[in-house]
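For reference, the structure is listed below as structure tokens.
The values are calculated or read from the model by the stated rules, or taken from the named source; none is laboratory data. Computed from a predicted structure; not experimentally measured. All Cβ positions, even for glycine, are placed from backbone atoms using ideal geometry, and neighbour counts span all protein chains on display. These area figures cover heavy atoms from the full protein model, side chains too; ligands, DNA and RNA do not enter into them. Shrake-Rupley method; radii C 1.70, N 1.55, O 1.52, S 1.80 Å.
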Amino acid sequence: MKNKESVKAVVFDFDGVFYRYDSLGGKTFYNLTLEAAARAIKDLSPIVLPKKARRAIAAESYSAFNNQTEYAHRALGIPTDEMHRLYHKYLFGALETHHAHFFEHAKTLTSHFNDVSDSVKMVAILSHASAGEFISPFLQRIGLASRFNGVNGAKVSRTVFGAEEFGTQYMKDIHHEPFIYVEEQLGLKGKEIAFVDDSVGNLIIPREREWRTVWIKRSGHNRDNKIKTSAIEASFPCLNTFSRAFISEKEGIFNGQYRPRF
């Protein structure tokens, strides 16, 4: 008889998990979005703004709305459609021109991730980034978008949850709301869900909700969170190593052998 509490969904953070910042000279996807937005603002702003001011507007748009195009329109009167077009041009230009090796990594990631997706009822992403602005275009670019449309017969139309759903005021490391929202949308709870994040702090609340928790460990990252290791059930250096272990061992990865040792 199949265990009723077996993992039926794997929920991933985005930046630092799907987007491997450690292979990009320390730049996160967030960093690149700010750079792309700042360049678009420079081209379109009706007034001349210094670089620091452009960067500040881009950063404010991320923290306040998680939507560069809308915030730039409100703050500077920049046409939304044109801002949107240039923003994506610069963002994916940066990815392709300066970080083409990431997409080589993405080929391997896609192969492993498809196997993970096939082994559970559904996969999802929970992030403070905008699903429409950031996450969905990226998933489309690396060929994984179709995997987040409610897979393997699940009665869920979409499984990419960004700022549009729960707002940036509900930070994952201090609020239960984003996780409750995901439970409601997926129709699952507790040990039926595994959550994969590169921030130890973001694993505390899902662990309290009895989700299975996986930490993608980064070099020099979260050194101040050693006291929170009780939130971590398993740890891996990257998404690919997690994928390989999960495909072969499923719930077995949570039996203690992959727990981090500091």
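Brief remarks follow.
- The candidates LYS217, LYS189, arranged from most to least accessible area with a 1.4 Å probe in the full protein assembly, appear as LYS189, LYS217.
- VAL160 long-range amide H proximity, modeled H, under 5 Å: ILE125
- The length gained on full extension between GLU184 and ALA56, counted as 0.36 nm times the residue separation minus their Cα-Cα distance, comes to 42.5 nm.
- Förster radius 51 Å - calculated FRET efficiency between GLN140 and SER6, Cβ distance, rounded to 0.05: 0.95
- The simple Förster model, with R0 at 25 Å and r as the Cβ-Cβ distance, assigns LYS250 and HIS176 a FRET efficiency of 0.40.
- Per-residue SASA remark: GLU249, around 60 Å² accessible (1.4 Å probe; ligands, DNA and RNA not included).
- Using a probe of 1.4 Å, the accessible surface attributed to LYS121 totals some 90 Å² when neighbouring protein chains are kept in position.
- Peptide ranges 43-54, 122-133 listed from the most packed, as the mean C-beta count within 10 angstrom indicates: 122-133, 43-54
- Residues ARG85, ARG207, ARG259, sorted by accessible area with the largest first, give ARG85, ARG259, ARG207 [1.4 Å probe; ligands and nucleic acids excluded].
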